[in-house]
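What follows is a short report on a single structure.
The values are calculated or read from the model by the stated rules, or taken from the named source; none is laboratory data. A quick note: this is a predicted structure, and the numbers were derived from the prediction, not measured. All Cβ positions, even for glycine, are placed from backbone atoms using ideal geometry, and neighbour counts span all protein chains on display. Areas reflect the complete protein model, heavy atoms only, side chains present, ligands, DNA and RNA absent. Shrake-Rupley method; radii C 1.70, N 1.55, O 1.52, S 1.80 Å.
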Amino acid sequence: MLDSCFFGANTPQGFRSEADALQSDPSIRRLVILKGGPGCGKSTLMKTLAREAERLGLRVRRIFCSSDPDSLDGVVVPETGLAVADGTAPHVLEPELCACGANYLNLGAYYHDGAALGMARTLRAEQAAYKACYGPAYACLSGAAGAERAMRLIAAPAAEAAEREAMERLRREPLPRGTGTGRVLRCYLTGLTPKGPVSFEPNAASVWALRDSFRVGAGLLRRLAERYRSAGHDLILAMDPMDPDSPAGLLVPELGTAFLRTDPLFTIGQSALLQLRLDAAAESVLPSADLERLQALNAIRAELVSEAVRWLSRAKLHHDALESLCRPLVDFDGVTGETERLVKTLLNEE
């Protein structure tokens, strides 16, 4: 039910990664961790692998890059137990135990030795300009997170009532026993990217949209997660890039059920037929002056996020320039050979 997601996120605390979930997912029996600098073909390799897997009729999960949502950070082919992931900074990934289901593939070995020495100063300058953009971006996101905290404090008198009303409605829904162990895997279904906020819809038979404009729904998702875990269900928690220690979504794969918080920034789940309007409690309980302040804070939050996106877009321009400088330094015949070997051996193609 998870066909597309992020494992890394731009957050108010900086870059956060859940890539280690690849090593705790029991469906993944072999993990190939790609290493190598900009422009050496990591994302292209994974895109090729994903296409070939689909050509063979296999289901593919694509893990996108939150700093460039047109690129891949990983590919999972559950039916073969295969995962390939970019393990270079900032989403550093290292095998828990080398050669025991996980190992490296160094595409950096295909840079032509010494070819970059004459342009080292240019490369360093472009890299420095790229990294410098993230400070302002994360500062803006930190300001937006401050606006969210103010919203939660203002809406607190209504939050408990909203949560209680939602749980009473959900308890009327049947809760079959699961066959899992209560394992929890983490990812992101929403991300703040150079293209703005991006959301991926899960492939779920039953989707509940939690209308949560005032950002009070994390507690409800935690209670739901505990309810399903206690019933023996394995879960996927989709974390909130604006508050990466809190859930923005809950997926119960065995039941094909998803709960997704939606708000003016992230429109995930907007078309869901099943609705829980957490906003309604605030609108019915809070005085009009508080509701006006909540709307004003939402506008402040949106403007700060937009400014952060502008800095992320600038960072991508510098990273694109860095990749353009590096591509001519790469032996792509060698990279193509590695890709062909992966397709043949990992997908068991004769």
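Here are some notes:
- Hits among lysines - C-alpha to C-alpha of Lys195 under 28 Å, sequence gap 8 or more where chains match: Lys35, Lys42, Lys47, Lys131, Lys316
- Relative to the longest principal axis of the Cα atoms of the chain, the long axis of helix 218-230 makes an angle of roughly 80 degrees.
- Scanning residues 5 or more positions from Val207 or on other chains, those with amide H under 5 Å from its amide H are Ala258, Leu273, Leu274, with H placed 1.01 Å from N in the peptide plane.
- Helix-only [θ]222 nm of the chain, DSSP H runs n ≥ 4, -39500 (n - 2.57) each, per residue, nearest 500: -14000 deg cm²/dmol
- The chain: Cys lacking any partner C-beta under 4.7 angstrom: Cys40, Cys65, Cys98, Cys100, Cys133, Cys140, Cys326
- All-pairs alpha carbon distance profile, the stretch 160-221, 5 Å steps from 0, percent: 3, 10, 16, 23, 22, 16, 6, 3, 1
- The translational diffusion coefficient of the stretch 28-78, from Stokes-Einstein at 20 °C and 1.002 mPa s with a Kirkwood hydrodynamic radius over alpha carbon pairs, comes to 185 µm²/s.
- Relative contact order (%) - criterion: Cα under 8 Å, at least six apart; region: the stretch 164-283: 34 percent
- Relative contact order [Cα under 8 Å, 6+ residues apart], the chain, whole percent: 26 percent
- Amide proton proximity set for Gly232, modelled H, under 5 Å, gap of 5+: Gly178
- Heavy-atom surface of the chain, accessible at 1.4 Å and reported per residue (Å²): 45 Å²
- Heavy-atom accessible surface of the stretch 167-209: percent carbon and sulfur, 1.4 Å: 46 percent
- Shape analysis of the chain based on the Cα gyration tensor places the equivalent ellipsoid semi-axes at 38, 27, 14 Å, largest first.
- Axis angle, to the nearest 10 degrees, between helix 288-326 and the longest C-alpha principal axis of the chain: 0 degrees.
- Taking each residue as 0.36 nm, the span from Asp245 to Arg55 lengthens on full extension beyond its C-alpha to C-alpha distance by 64.6 nm.
- Projected area, mean over directions - the stretch 110-257, Cα convex hull, nm²: 13.0 nm²
- Label-to-label distance, nm, for residues given as Ala129 and Ala109 (7 Å Cα→Cβ offset): 3.4 nm
- Reachable aspartates and glutamates from Lys344, criterion Cα separation under 13 angstrom, eight or more residues apart if same chain: Glu52
- Modelled this way, with points 7 Å down the Cα-to-C-beta line, the labels at Leu153 and Leu274 are 3.5 nm from one another.
- Paramagnetic reach from Glu165 (point 7 Å along Cα→Cβ, amide N under 19 Å) across the stretch 141-159: 152-159
- At 1.002 mPa s and 20 °C, Stokes D of the stretch 128-195 from Kirkwood alpha-carbon radius, µm² per second: 128 µm²/s
- Cα-based helix-to-principal-axis angle, 332-346 vs the chain, degrees rounded to 10: 60 degrees
- In order through the stretch 23-30: 3J(HN,Hα) via Karplus (6.51 cos²θ - 1.76 cosθ + 1.60), integer Hz, x for Gly, Pro: 8, 9, 7, x, 6, 9, 9, 9
- Spin-label pair Ala120-Arg227: with each label point 7 Å from Cα along the Cα-Cβ axis, the two points sit 6.1 nm from one another.
- Cα centroid separation - the stretch 246-271 against the stretch 177-244, whole Å: 5 Å
- The stretch 1-115: Rg to Rh, with Rh as the Kirkwood radius over Cα pairs: 0.96
- Relative to the compact-globule estimate of 2.2 N^0.38 Å, the Cα radius of gyration of the stretch 200-339 comes out at 1.43.
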